[in-house]
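Below is one structure, written out as structure tokens; the observations come after it.
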Amino acid sequence: LNGPSIASGPHLPRLDRSMPKQLYGHKHAKARGVPAEPAAVGVWLTLMAGLPEELQHRAIIAAATEAGLEIAADSRDSFAAALVEYGSERRADCDEAWIGVLLELCSDFGLPLGDVADADVADAGADAAERAGATELLGALRRHRVVCNEPPPPPPLREGVAVLAVLEEDEEWHEARVVKLIPPPSGRGAPLVLVRFVEWQKVQETSRAKVVPLAEIADDEDAAEAEGECELCRRSLALTFHHLVPVATHGRYLGKCLPHGVAEAASDRGPAPQPSREFLHSYGAMLCRFCHSTVHRFAPNAVLAERFNTLDKLREQPPLARFVEFASRQRQSACRCR
């Protein structure tokens, strides 16, 4: 995921606040938990991570055979490798994206999908049959665990990454940056992490379990920050603009039609909204970076555009609602971006 760094922006004011005092007798108290990243709730669809190539290719061929594809024996390895390559290069992350990948892949290999022979080409029956065949193949890939309902892995923890870390003085989560990773003393297990807290510039060594990376934002690479109240968690923080129809999906709507629910949600903004560049770029909400990045980890852009394209729809999702409830309880000073 690409986007502006979370602790950037030297133009923002620095808070003048003394560092919390040590919680004597509670040095090893359990930190107040940060909720896990929102569950995928079935909207993500990505390649299963960690499968050895041989097992992955075998599962792909088994799925293709189950879906009725007749692949020549000397082309099977190439087909399996191409499926992985196409999915990775196109960053397929949801059903619609994978159906597109499978249609292109089978076309390139000259493999018919669905019962095209009986379809009425004049009525676009051939396209519908191919799509049905791609959907059947995608179901087989799911059953053989080639793809799974998991979001793509977050960026690896590395030097300079913005994180939330537990400050030992108050056992609460504060914004920090990774200084370096320290190999575990035993040589096994997760590394220790040396972090520098943004608010006090204190350097502290902590366990990996007490460091949570803040996912960078893919939707708004040039997003400018402004002070105000986040429209999800209601904290007064530095905000960035979240396109409720993500920029990466604008091409499929320009000059055609808006996603379902958008026109109704935007009806109080003036004239009837149109699928224009001007409207799509202005339709959105101001969110703090914590909420913004959490929304983009909740679902891929294509799904956000189609299913979660209003603030009300986002608020209704239990995983996001839990995160927003957690975020709203955090002290604003502990999470303020600088």
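Here are a few things to note about the model shown:
- Scanning segment 288-300 for residues that are more than 8 Å from the chain's Cα centre (by Cα) and part of a helix (DSSP H, G or I) gives Arg289, Phe290, Cys291, His292.
- Being modelled with pLDDT of 90 or more and either open to solvent by 50 Å² or more (accessible area, probe 1.4 Å) or touching an Asp or Glu at 6+ places or on another chain (Cβ under 6 Å) (or both) is true of Val203.
- The lone criterion from (1) at pLDDT 95 or above; (2) buried (at least 16 other Cβ atoms within 10 Å of the Cβ) left unmet by Glu85 is number (2).
- Residues of segment 140-181 that turn out to be modelled with pLDDT under 90 and part of a strand (DSSP E or B), as a count: 10
Yes/no matrix, rows are residues, columns are (1) closer than 15 Å to Ala140 by Cβ; (2) in a helix (DSSP H, G or I); (3) among the basic types (Lys, Arg):
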{"site": "Ala63", "(1), (2), (3)": "yes, yes, no"}
{"site": "Asp74", "(1), (2), (3)": "no, yes, no"}
{"site": "Leu83", "(1), (2), (3)": "yes, yes, no"}
{"site": "Tyr86", "(1), (2), (3)": "no, yes, no"}
{"site": "Asp93", "(1), (2), (3)": "no, no, no"}
{"site": "Ala97", "(1), (2), (3)": "no, yes, no"}
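- Any hit, segment 229-237, residues being farther than 27 Å from Ser328 by Cβ, assigned to a loop (DSSP other than H, G, I, E, B), at pLDDT 90 or above and open to solvent by less than 40 Å² (accessible area, probe 1.4 Å): no
- In segment 183-199, the residues that are surrounded by 13 or more Cβ atoms within 10 Å (Cβ to Cβ) and at pLDDT 80 or above: Leu192, Val193, Leu194, Val195, Arg196, Phe197, Val198, Glu199
- Condition check for Ala209: at pLDDT below 90, open to solvent by 40 Å² or more (accessible area, probe 1.4 Å) and small (Gly, Ala, Ser): yes
- Condition met for Asp108 (at pLDDT below 90, open to solvent by 70 Å² or more (accessible area, probe 1.4 Å) and over 30 Å from Phe298 (Cβ atoms)): no
- Some residue of segment 212-227 being closer than 20 Å to Ala327 by Cβ and at pLDDT 90 or above: no
- Checking each residue in segment 238-265 for being of a type in the set (A, V, I, L, M) and either crowded, with 20+ Cβ neighbours inside 10 Å or under 23 Å from the mean Cα position of the chain (by Cα) (or both) picks out Ala238, Leu239, Leu244, Val245, Val247, Ala248, Leu258, Val262.
- Test result for Leu254, touching a strand residue (DSSP E or B) at 6+ places or on another chain (Cβ under 9 Å) and at pLDDT 90 or above: no
The values are calculated or read from the model by the stated rules, or taken from the named source; none is laboratory data. Everything numeric here is computed off the predicted structure, so don't read it as measured data. Neighbour counts are summed over all protein chains in view; Cβ atoms, including those assigned to glycine, are modelled from backbone coordinates with ideal geometry. Ligands, DNA and RNA are stripped out before the accessible areas are found, and what is left, the full protein with its side chains, is counted by its heavy atoms. Shrake-Rupley method; radii C 1.70, N 1.55, O 1.52, S 1.80 Å.
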